[in-house]
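Read the structure below first, then the notes.
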Amino acid sequence: MLVSSGLITSQQLNEALELQRSGGGKLGQVLLHKKFIQERALLEFLSKQFGIEFVDLAAKELNAEVVKVIPENIARRYNLIAVERTENKLKVAMEDPLNIVVLDDLKMMTGYEVKAVFGSEVDIAAALDKYYGAKSSKQALDDILRLTTGGTTDVSLVKEEDPNAAGDDLISLEQKGEAAPIIQMVNLIISSAIRAHASDIHIEPTYKDTKVRFRIDGVLHLQPSPPKKFHNAIVSRIKIMSSLDISERRTPQDGRAKLKIDEHEIDLRISILPCGPGEKIVMRILDSSGLKLKLDDLGFEPENLAMFSKALKAPHGIVLVTGPTGSGKSTTLYSALATMNEPDINIVTIEDPIEYQLEGINQVGVNADVGLTFASGLRSFLRQDPDIIMVGEIRDFETMATAINAAMTGHLVFSTLHTNDAPGAITRIGMMGVEPFLTSSTLLMVVAQRLVRSICKNCKETYEVKPELMLGLGVSKPFIENNLKNGKLVLSRGKGCDACAQTGYKGRAGIHEILEVNDVLRGLIIEKAHVSKIKDAARKNGMITLRESAIRKLFAGMTTVEEVIRVTASDVD
């Protein structure tokens, strides 16, 4: 309809739709952001289309008493403002007059019949500042502090670049005396995430606001967020912390920062990605104090732990750990290296990047700019007289071939691979172009793993389940019968409490699937057997699948049915 009316071109529409697919948001907001249409023209068009009045707030003087019928926090949250009042009716200017939920809330809150009209986003924001008072970065920080329980903003950089390179956004705030609250705001977000034991912080702009989310125990949780107008200043601050180019906003950037919180050092791995509405930030929190370096703490089943420990004593060969990002592969590898780390053993690693520094181990970071890749680093290692080599990830034939060569010349090689399960790793190696006889002669073991959320110990409760319902999870009748208590099947769950932020979960535990390569499997690898045939043979050889490992933790009262289904949905025959 906009194209037909001549307000935008077909090319502009297609470009806006593509941006909407990649960055989200409403089509109208994307068109405004790209300056393909003026906001007033869009609103007048929508007004005619829906038969809803458009109010020009820039040209209208409002009654301050009428405006303040709606509390400021509600008006700012939904970007709306009261413009007129009669005996029992209240006219409210909104960006989205079709939002029935907000209209119902306003009716209950004010006691008036609410009539919604279109208003410009910019004009509404200006009117809010005019009648309620402009919101400073200090006020925004205070709002976040009110919504955040506990926490500290006592965060200091271990090393920081010249603050004069802060960029236009932060410099303009410095001139207004508002830079300090922005720094405190960033500190508060980081310290709150660390206190919540989050693994990642997401700061992502939309066309309307800025969202802050923490990944806690593998699941993202929305947090109190700053207003959109401070987003660029927050990005500038984080770029300064990680020594990135604050003037570059068109290309992705990656950096690192080291912070000290209460005398405790934390590493941040920072990724900045330009999106349609602005730059999105993801910060991975690396806390070496929380790194579990004992194999006993990783959640291995007793038989799996015995098999994995046996592989660590092998004189040569390849051990692969597989799983998606965030499944704990690095922790498993670091724990393995820490177990083998002795004065008489030379261990070298090549990683992208180095996540944790381990005493007594030679760690090298990938640097593609100077030609230092996984494959080239691995070749150099062979001249360093290593006993054990760890390669952060095998992504291509060259790295895989070099790893095989290292294993064949008397080295024990550890690495990661992205596959859904352990048998799938063998197929993946074949797809890289490696000859089956090389795989069969060097591959010792494949460990597939995931992380399931653990039930919060503070609010844990038991409940009874009908045994037949467990059959749908793939649990065998004998296994169910062996776990009955007085003829009843009792499982556990978390009710939700303050200690677990009402989620019922706190912490995570590993589930593992270990494929140990024996003579039967070597024969199947050489035959290029289908992955299902390899999986059947591995199970006969004692392999516990990911689903079976999760079910054991379920019956042990460590996790829930929902977690078993969520994490192992793909591991169903």
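The values are calculated or read from the model by the stated rules, or taken from the named source; none is laboratory data. Not measured: the values here are computed from a predicted model. Don't worry about glycine lacking a Cβ; one is built from the backbone with ideal geometry, like all the others, and counts go over all protein chains shown. The area values use the complete protein model at the heavy-atom level, side chains included, leaving out ligands, DNA and RNA. Shrake-Rupley method; radii C 1.70, N 1.55, O 1.52, S 1.80 Å.
If packing is taken as the average number of other Cβ atoms within 10 Å across a peptide's residues, how do 352-364, 506-518, 537-549 rank, most packed first?
Going from most to least packed, we get 506-518, 537-549, 352-364.
Can you send over the solvent-accessible area of residue 348, 1.4 Å probe, protein chains only, in Å² to the nearest 10?
Its heavy atoms expose roughly 10 Å² to the probe.
Quick check: convex hull of the Cα atoms in the range 1-124, volume per residue, rounded to a whole Å³?
Measuring per residue, one finds 110 Å³ for the Cα hull of the range 1-124.
Using the Cα atoms of the range 408-562 to build a convex hull, what is its mean projected area in square nanometres?
11.5
Identify all aspartates and glutamates with a Cα-Cα distance to residue 485 below 14 Å; exclude those on the same chain that are fewer than 8 residues away in sequence.
464
Working only with C-alpha atoms, what are the Rg and Dmax values of the chain, expressed in angstrom?
Calculated on Cα positions, Rg and Dmax stand at 28.7, 90 Å.
Got a sec? Charge dipole of the chain, +1 on Cβ for Lys and Arg, -1 for Asp and Glu; which of 255, 227, 473 is way out at the positive end?
Farthest towards the positive pole: 473.
Over the range 180-271, with the other protein chains present, what is the accessible area per residue in square angstrom, probe 1.4 angstrom?
So the range 180-271 comes to 41 Å² accessible per residue, rounded to a whole number.
Within the set 208/457; 208/495; 466/506, which residue pairs have Cα atoms separated by over 32 Å?
The answer is 208/457; 208/495.
If you roll a 1.4 Å probe over the range 473-573 with all protein chains in place, what percent of the accessible area is carbon or sulfur?
49
Find the centroid of the Cα atoms in the range 274-338 and in the range 1-80, then give the distance between the two in whole Å.
So the two Cα centres are separated by 48 Å.
So, taking all protein chains as they sit and a 1.4 Å probe, how much accessible area belongs to residue 329, in Å² rounded to tens?
Counting only protein heavy atoms, residue 329 exposes about 20 Å² to solvent.
Using bins 10 angstrom wide from zero, how does P(r) for the range 56-134 break down, in % of all Cα pairs?
For the range 56-134, the binned pair fractions read 20, 61, 19 percent.
Roll a 1.4 Å probe over the protein chains and send me the accessible area per residue for the range 51-134 in Å².
It amounts to 52 Å² per residue over the range 51-134.
What would the Debye equation give as log₁₀ I(q)/I(0) for the range 516-564 at q = 0.12, 0.14 Å⁻¹, counting only Cα atoms as equal point scatterers?
Each listed q maps to, in turn, -0.37, -0.47.
Using the Kirkwood radius over Cα pairs, work out the Stokes-Einstein diffusion coefficient for the range 281-377 at 20 °C and 1.002 mPa s, in µm²/s as a whole number.
Approximately 142 µm²/s, per Stokes-Einstein.
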